[in-house]
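Participant: Structure in structure tokens, see below.
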Amino acid sequence: MDKSPLLSIRDLEVRFRTEEGEVTPVRGVTLSVGAGETVALVGESGSGKSVTSLATMGLLPRPAGRVSGGQILFRKRSGETVDLATLPSSDLRKLRGSEIAMIFQEPMTSLNPVLTVGEQIAESVRLHMSLGHAAALKRAEEMLELVEIPNARRRVHEYPHQMSGGMRQRVMIALAMSCNPSLLIADEPTTALDVTIQAQILVLIERLQKELGMGVLFITHNLGVVAEIADRVTVMYAGQVVETGTVGAIFRTPRHPYTSALLNCLPARAQRGEDGRRVVQSIPGSIGPVGDGCAFAPRCSQAADVCRTGSIMLEAEMERSVRCVRWREAFA
Amino acid sequence: MDRSPILLFFRRMFRRKLVLVAFVVLFVIMLMALLAPWVAPYEPTAIKVIRRLKPPGELNWLGTDEFGRDVFSRIIYGARASLGIGFAVVVVSMTVGTLFGLLAGYFRSLDGVVMRVVDALMALPDILLAIFLVAVLGASAFNVVLALSIVYTPRVVRVVRASTLVIRELPFVEAARALGVSTRRILSVHILLNVASPVLVQATFIFAYAVLAEAGLSFLGAGVPPELPTWGTMIASGQQYADDAFWVVLFPGLAIVLAALSLQIVGDGLRDMLDPKLRKAL
Amino acid sequence: MSASPLLAVEGLTKHFGRAPHLVRAVEDVSFHIAPGEVLGLVGESGSGKSTIGRLVLRLIESTAGTIRFEGQDISKLPERQLKFLRRNAQMVFQDPYASLNPRLRVRDIIGEAIDAHRLASGAKRTERIGELLETVGLPASHMSRFPHEFSGGQRQRIGVARALAVEPKLIVADEPVSALDVSVQAQVINLMQDLRQRFGLAMLFISHDLDVVELMCDRIAVLYLGRVMEIGSSEEISQRPRHPYTRALLAASPKADPDAPKIRRMLTGDIPSPMAPPSGCVFRTRCPMATDECARSVPKLRSAGDGHKFACHYDTANDERPAAA
Ligand SMILES: Nc1ncnc2c1ncn2[C@@H]1O[C@H](COP(=O)(O)OP(=O)(O)OP(=O)(O)O)[C@@H](O)[C@H]1O
Ligand SMILES: Nc1ncnc2c1ncn2[C@@H]1O[C@H](COP(=O)(O)OP(=O)(O)O)[C@@H](O)[C@H]1O
Ligand code: SF4
Ligand code: SF4
Ligand SMILES: [Mg+2]
Ligand SMILES: [Mg+2]
């Protein structure tokens, strides 16, 4: 058995050229996704989750964005391992949609409004398998059945706008599954959906993942969703991975002060104060500009002088890693 | 969208540079028009029959017309009238158009009537409507301004109404209503401030159209009386000599093209700069 | 308990559009809010939460029903007689970007509230604006900034300051924390809790997040397709829900706890279109216990004691189960 993970991102750095100069929204992302495993990537808005996933897919906006450091190692079905960061774009395009697939938050913008959903799935199927038109449409219908769309036979002929948000997200998933990927990257696939529909989609993704043995990188900022779906969790803050661990470890014994503070912000973890009122903890301020030392220092209750100089390394041991110089003291 | 980075870069540079150039050109034209008595080498009406239809040369840089008047000087004075008329049209159509656009967009009850009139006016080709109106009203600078304002006001109404319809549904307008802020203030502060940029862009385009339309009207003899030097009347009265003395029509024509083009480029530039979405995309 | 309510809504109904495209956004909704009380409105998108908020503040006209504010029916008063409502009831919005006029400085955004009711002028006005900013945890010196110079959470605070400027008794908060990150959401929740305590504010707190509503509210009303399915104290609704929809909603909300049971039972299908709501009980197309009776007759809200009411033909707590088919 091959024990190397399906996807292994090491020290990824991504830069963007903007009118105000160069920015580095991702500057130290290390994570891995094994076959058949679901890894949740969590973090606040702007922490670099989407940029990480776009870099992995080779979909960074050109020419503004580029991978400026690190590796994105992906193990292909053939067993060969390639670095997606340096792979020629034609090879990347071949991998995308055959071995790596992606679904996004807003299904409407990723579907073509003038083609029926059946045509769109059939097109993608034909790109990767040599099937005739009718056979491809038949396969599209099967894909819709796979994602539990009722009346699949009729609905292959519908246009995206005729469907509800939840149905469109199912179509997106069908589209992603149509080529049988070994890695699925899902960027906030349920954020725009209602809770009852979100529950349906989560259960669907989990089922497909089990059946097809895919690795899933699931991006979200909803910690409830993380607890629901993930095997392991990677927490990002200001462009860096600050902690990684199994879902149980992260929720029960967080090591990074940010992870711990984030969990305490959950309304469900509100504590009764002296006056009997329930209050949630909050993290003061918001993600600020990054400078020397720990990016979280301005908001960290454990911050000390050692935190404000040099660069803080991601300490790894066994299944866990944490980027904090004081984690041992902080949770002693 | 895989656009070549080099192409994108040049497009961007070119865009900005062009806007800057257009802006400078406009500024120079307007300055010359304002300072005409000091800039123009001759009186625009000084007749010198012996120097009739002389080609461009040392004495008359852009030649003379059929009465021996200096073409360059007349272009400078003509700019006053042409740009003046254009500017007056902009002011009138902006004011009236913004008012009706705001009202139509904000009050559903007025919308039907206002938009029906607007649609009717916009169904006719601009220049035909203008000719008709001048024919009815009589040819004078004032009536040309009036006619062109009637022609262009509906465009402004449309733009303002469309923006108003969007803005009035935004939460900050709802917040103002919940606070009991007067309707007048909602219109004049919350909505007007936010439609200002599309209206400004529209203003530069209308300026350009009005300059062209004034020339067109004069050329067709439905504009200002020929005594008043405008770029349009210069071409109109010079056209019969154009075969032998191209300069009589060429230079006023160039002036029109230069002014109108610069206005349009500035308008495009403004739109890009004021639209945050486009600005991001750049 | 029986203090006269600040807000009492009876049979509130709102339809949008005309016959073939008639949207029944709100249908016969009744509730009341006592002074200083916080009522939560939960439901999925399109269930009519925002519409109710706007009806209550008379930002849109109701189709039927009465809205009593401090005893007076305001549902049909003309705008010029609504000064007292505008002075006493305010709104906080979901979208921290669209809810502040991008062209105005913070000073003018908040000042507008003060001017509309002539509450202060000159130096007093400036002082008051500074005070309001400090109340919501922003430095007074920020008053000459424009909205785009603030983060989402800070903008939300400005929106709250604007609402507080008139010293209202009621605030309609339409998903005030839904667009914010968890850490910022916690800041704003705490701010609103504090203000509630300090000023004795009553609130109609709209949200689709049950955890947030449970934390913030004294009582909760659960909406589905514009109808109230269940209403009762926060504790009752979250610990002893009686309506199948409330239960489904609770079961579908993911718990941030890896040891909690995973979502297994869930609702199938989509929310029906409010243009063609199902006959009888509107929830029946997705209800796991629906019977023929549910298609025939509309269940009335019935009491489960202590102000807890629910609209279902069957009361599982009392073993009133539908006969097995
Ligand atoms: N095309 C771009 N040009 C410049 N900066 C960008 C671009 N795309 C993203 N960024 C910046 O990169 C940073 C990370 O953005 P990213 O979209 O990855 O955040 P995210 O973690 O996915 O947040 P969210 O939860 O809001 O989706 C942000 O500061 C963002 O402004
Ligand atoms: N101005 C409007 N015109 C037509 N339909 C509307 C309008 N506002 C809301 N609706 C409809 O009313 C229903 C309830 O909407 P809303 O109150 O916004 O729901 P919620 O806030 O619970 O998500 C929805 O079906 C919505 O589409
Ligand atoms: S390194 Fe210091 S500032 Fe950063 S998280 Fe650890 S304790 Fe806090
Ligand atoms: S009345 Fe019937 S359909 Fe409605 S909730 Fe009760 S059991 Fe379900
Ligand atoms: Mg993102
Ligand atoms: Mg809403």
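Participant: Taking region A:285-317 as the search range and keeping residues that are within 14 Å of chain C (Cβ to nearest Cβ), within 24 Å of residue A:31 (Cα to Cα) and surrounded by fewer than 18 Cβ atoms within 10 Å (Cβ to Cβ), which one is farthest from ligand 3 (Cβ to nearest atom)?
Facilitator: Among those that are within 14 Å of chain C (Cβ to nearest Cβ), within 24 Å of residue A:31 (Cα to Cα) and surrounded by fewer than 18 Cβ atoms within 10 Å (Cβ to Cβ), it is A:289.
Participant: Out of (1) open to solvent by less than 50 Å² (accessible area, probe 1.4 Å); (2) within 20 Å of residue C:203 (Cα to Cα); (3) at the interface with chain B (Cβ under 9 Å from one of its Cβ atoms); (4) at pLDDT below 95, what's the single condition that is false for residue C:98?
Facilitator: Condition not satisfied by residue C:98: (2).
Participant: Then there's this: Go over the candidates A:219, A:205 one by one and state the one that is assigned to a helix (DSSP H, G or I) and outside the structural domain of residue A:149 (by TED's automatic domain parsing).
Facilitator: A:205
For every residue, the table says whether it meets (1) farther than 28 Å from residue A:203 by Cβ; (2) touching a residue at least 24 places away in the same chain (Cβ under 8 Å).
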{"position": "C:203", "(1), (2)": "yes, yes"}
{"position": "C:222", "(1), (2)": "no, yes"}
{"position": "C:225", "(1), (2)": "no, yes"}
{"position": "C:260", "(1), (2)": "no, no"}
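Participant: For the condition out of contact with any helix residue (DSSP H, G or I) (no Cβ under 6 Å at 6 or more places or on another chain) and closer than 29 Å to residue C:209 by Cβ, what is the one hit in C:37, C:61, C:79?
Facilitator: C:37
Participant: Residue check: is residue B:27 touching a Leu at 6+ places or on another chain (Cβ under 9 Å), among the aromatic types (Phe, Trp, Tyr) and modelled with pLDDT of 85 or more?
Facilitator: Spelling it out, it is not the case that residue B:27 is touching a Leu at 6+ places or on another chain (Cβ under 9 Å), among the aromatic types (Phe, Trp, Tyr) and modelled with pLDDT of 85 or more.
Participant: Would you check which residues across region A:224-283 are part of a strand (DSSP E or B) and either within 24 Å of residue A:24 (Cα to Cα) or at the interface with chain C (Cβ under 8 Å from one of its Cβ atoms) (or both) and list them?
Facilitator: Result: A:233, A:234, A:235, A:236, A:237, A:240, A:241, A:242, A:243, A:244, A:278, A:279.
Participant: Of all the residues that make up region C:25-64, how many are over 22 Å from residue B:174 (Cα atoms), touching a residue at least 40 places away in the same chain (Cβ under 8 Å), away from ligand 4 (no atom under 16 Å from the Cβ) and not aliphatic (A, V, I, L, M)?
Facilitator: Number of matching residues: 5.
Participant: Now a separate question. Having 2 or more residues that are open to solvent by less than 10 Å² (accessible area, probe 1.4 Å) is the bar; report the helices (runs of 4 or more DSSP H) wholly within region A:96-188 that clear it.
Facilitator: A:117-128, A:133-146, A:165-177
Participant: Another one. May I ask you to verify whether residue A:239 is at positive phi, small (Gly, Ala, Ser) and not assigned by TED's automatic domain parsing to the domain that holds residue A:321?
Facilitator: yes
Participant: What are the residues in region C:162-184 that are buried (at least 23 other Cβ atoms within 10 Å of the Cβ), more than 16 Å from ligand 1 (Cβ to nearest atom) and part of a helix (DSSP H, G or I), if any?
Facilitator: C:162, C:163
Each row is one residue, and each column tells you yes or no for (1) within 25 Å of residue B:201 (Cβ to Cβ); (2) open to solvent by 30 Å² or more (accessible area, probe 1.4 Å).
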| site | (1), (2) |
| --- | --- |
| B:45 | no, yes |
| B:60 | no, no |
| B:68 | no, no |
| B:101 | yes, no |
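Participant: Further question: Kindly indicate which of C:122, C:153 is more than 13 Å from chain B (Cβ to nearest Cβ), on the phi > 0 side of the Ramachandran plot and either open to solvent by 10 Å² or more (accessible area, probe 1.4 Å) or not aromatic (Phe, Trp, Tyr) (or both).
Facilitator: C:122
Participant: Restricting to region C:283-302, and then to whatever is in contact (Cβ under 8 Å) with a residue 12 or more places away in the chain and assigned to a helix (DSSP H, G or I), can you tell me which residue is farthest from ligand 2 (Cβ to nearest atom)?
Facilitator: C:293
Participant: Could you say which residue among A:32, A:4, A:53 is touching a residue at least 40 places away in the same chain (Cβ under 8 Å), more than 16 Å from ligand 3 (Cβ to nearest atom), open to solvent by less than 60 Å² (accessible area, probe 1.4 Å) and not in a loop (DSSP other than H, G, I, E, B)?
Facilitator: Criteria check complete, one pass: A:53.
Participant: Still on this structure, I have one more. Kindly evaluate residue C:277 against the criterion of being more than 12 Å from chain A (Cβ to nearest Cβ) and part of a loop (DSSP other than H, G, I, E, B).
Facilitator: So residue C:277 passes the test.
The values are calculated or read from the model by the stated rules, or taken from the named source; none is laboratory data. These figures come from a predicted structure and were not determined experimentally. When we count neighbours, we look across all protein chains shown, and the Cβ atoms used for this are built from the backbone with ideal geometry, even at glycine. Please note that ligands, DNA and RNA were not included when accessible areas were found on the heavy atoms of the full protein model with its side chains. Shrake-Rupley method; radii C 1.70, N 1.55, O 1.52, S 1.80 Å.
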